Amino acid sequence: MELCERTIHELQQIIRDGGASSTDIVASVFRRIDAVEKNVHAYIMLLREEAFREASKADEEIRKGNIRSLTGIPIALKDIYCTQGIPTTCGSRILQNFVAPYDATIVRKLREAGAVFTGKTNMDEFAMGSSTETSWFGVTKNPWDLDRIPGGSSGGSAAAVAADMCIASLGSDTGGSIRQPAALCGVVGLKPTYGRVSRFGLVAFASSLDQIGPFTKDVEDCAIMLNAIAGYDPRESTSVPVDVPDYRQFLGRDIRGWKVGIPKEYFIEGIDPEVETLVRQAAKVAEGLGAEIVPVSLPHTQYCVAVYYIIAPAEASSNLARYDGVKYGYRSTEGRDLLEMYKKSRSEGFGAEVKRRIMIGTYVLSAGYYDAYYKKASQVRALIRRDFDEAFQTCDVILTPTTPTPAFRIGEKTGDPLQMYLSDVFTISTNLAGIPGIAVPCGYTAAGLPVGVQFLAGHFQEGKLLQFASAYEAGADFQKRRPNF
Amino acid sequence: MKITKDEVAHVAHLARLEFDVEETEKFTSQLNDILLYMEKLNEADTTGMEPMTHAIAQKNAFREDAVLPSLPIREALSNAPDPKGEFFRVPKVIE
């Protein structure tokens, strides 16, 4: 087994035992990148020289016995976090040459934990998409089938972990952008509670929904990564001052007597039969571990996509007003006066999906339509949150499919935005309610595509989620595979 | 029709975007599909529901009004397409 195929916790043991250095691990990761990146295109930018430099620093620390939680571990970053001195593009032409003058809080925290950055990963432009097809820098392919999408918007981060082009990575999740690609690429992906992780230095998409979280090869690594990034940040006023436990303490415990809610609204017509079978099998595994399956109802589930595609574009249209060709980013040379310069810079700098969402957002917030769309959607959002509050009175965790289908083909949904939006149907509600959710691999289709089961818990119950996910992972009855290409 | 080509042109102006004829037609048709789908929300009974604007109910986040170190001007201007001295330069605003 190559070093790049290992998990964080395995590599920590190998480093402690003197079996390999950080430089060995980084070299293994870049050998894999050199072999497969041309096929997968998970990265917008590689940080090869920087990574080897950081690795030799890490090796120096290791020799001194100074080993922190991620010392010497190669981590990939979605290209949506500001990184001092390194370009941050957000997958957009408008930020193609943007070099942030500061680090995002989570980047600083990972550096402090000793992580080595391998590069910045590809994503849908401004995180708007479910397939990583809207990036200005080209499409990322699913390592399990190069004709298929890896999911999105954090598709590059998911594909990089699945193809062992990093050990773990970070993404952001506004409506499923971590959990959906994690499921479609066969890795673990966590969206923490809104407010659990600081978003200072995260390029904003929809501020009442955005949250940062990890992609990892297993649940233990997920706990290690969450330990490194969680916590209140005085520079981020929506981060919540709630104590952060050591999430590893929840691993390896049993789930006997736990109540697992199965919402009937998530097993609807249109769900792929193989996905449904594998997800129901996951519930059986939980039952076999001593958990009790209980039916729950989330009656407003059918409105989630409509609510989301009003609220998220509304917030995006406001957040993206900052790209005006003045302070940073692309400026068109065509504009003769200020207004024309704004219009041309934005029209040339943004791609079609971003423009579509700015248009939806501007329309639903415009005079005469606010009550009918934005206010109505915000009211239904309150109902969706109430559904979850009520469901968690009768169960510990909720179990659902992460996606209605396995990875779809490249180009299959690009012509029909609404069909693309409907692929987020099972992940959106989590963001609207602000609760945490995790996608964990639960098997493979006959064609060999990975499928992910999703577990949800109440606000700030990441510990519970990881305890359940770790018990499920240990008890799951399928053999883990690696993409073969 | 939920939205006409003229309205699309108006919204584009509000959003400081511009589209050619072909794009305007495509956007009009796609926005219509999307807005029709949104009609679904009218089926939901929201009588007496307060609009939810934040996932976690929070009080306003106040801090002491103390001056903290901020970005030096040179760094703040380092990404500007057309900086001049300590300023951002733009095309002319008034004739």
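The values are calculated or read from the model by the stated rules, or taken from the named source; none is laboratory data. The structure displayed is predicted, hence computed values, not measured ones. Here Cβ is always computed from backbone atoms with ideal geometry, including for glycine, and neighbour counts include all displayed protein chains. To get the accessible areas, we keep the full protein, side chains included, count just its heavy atoms, and leave off ligands, DNA and RNA. Shrake-Rupley method; radii C 1.70, N 1.55, O 1.52, S 1.80 Å.
Things worth noting here:
- Of the helices (runs of 4 or more DSSP H) lying entirely inside the range A:5-63, the ones with 1 or more residues being over 24 Å from A:Arg248 (Cα atoms) are found at A:22-40, A:48-63.
- Within the range A:267-280, the set of residues being among the β-branched types (Val, Ile, Thr) and surrounded by fewer than 16 Cβ atoms within 10 Å (Cβ to Cβ) comprises A:Ile268, A:Thr277.
Each row is one residue, and each column tells you yes or no for (1) buried (at least 18 other Cβ atoms within 10 Å of the Cβ); (2) in contact with a Gly (Cβ under 9 Å, 6 or more places away or on another chain).
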site: A:Ala282; (1), (2): yes, yes
site: A:Glu287; (1), (2): no, no
site: A:His300; (1), (2): yes, no
site: A:Tyr309; (1), (2): yes, yes
site: A:Ala321; (1), (2): no, no
site: A:Tyr330; (1), (2): yes, yes
site: A:Glu334; (1), (2): no, no
site: A:Asp337; (1), (2): no, no
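- Positions within the range A:86-134 being small (Gly, Ala, Ser) and farther than 28 Å from A:Ala27 by Cα, in sequence order: A:Ser92, A:Ala127, A:Gly129, A:Ser130, A:Ser131
- When residues of the range A:263-302 are limited to those that are touching a Leu at 6+ places or on another chain (Cβ under 6 Å) and under 30 Å from A:Ala206 (Cα atoms), the one nearest to the other protein chains (Cβ to nearest Cβ): A:His300
- Extreme residue, nearest to B:Lys26 (Cα to Cα), among residues of the range A:342-401 that are within 9 Å of chain B (Cβ to nearest Cβ) and not in a helix (DSSP H, G or I): A:Phe350
- From the list B:Glu50, B:Glu64, the lone residue that is more than 9 Å from every other protein chain (Cβ to nearest Cβ), loosely packed, with under 10 Cβ neighbours inside 10 Å and at pLDDT below 95 is B:Glu64.
- Checklist (1) β-branched (Val, Ile, Thr); (2) in a helix (DSSP H, G or I); (3) open to solvent by 10 Å² or more (accessible area, probe 1.4 Å) applied to A:Thr414, failing item: (2)
- Residues satisfying the stated conditions in the range B:4-17, i.e. assigned to a loop (DSSP other than H, G, I, E, B) and either of a type in the set (Phe, Trp, Tyr) or facing another protein chain (nearest Cβ under 7 Å) (or both): B:Ala15, B:Arg16, B:Leu17
- The range A:86-115 - residue that is of a type in the set (D, E, K, R) and within 14 Å of chain B (Cβ to nearest Cβ) and, of those, nearest to A:Lys327 (Cα to Cα): A:Arg93
- The range A:258-304, subset assigned to a loop (DSSP other than H, G, I, E, B) and of a type in the set (Asp, Glu), residue modelled with the highest pLDDT: A:Asp272
- Any hit, the range A:415-427, residues being at pLDDT 95 or above and not aromatic (Phe, Trp, Tyr): yes
- Single condition A:Lys38 does not satisfy, out of (1) under 30 Å from A:Leu95 (Cα atoms); (2) open to solvent by less than 60 Å² (accessible area, probe 1.4 Å); (3) not aliphatic (A, V, I, L, M): (2)
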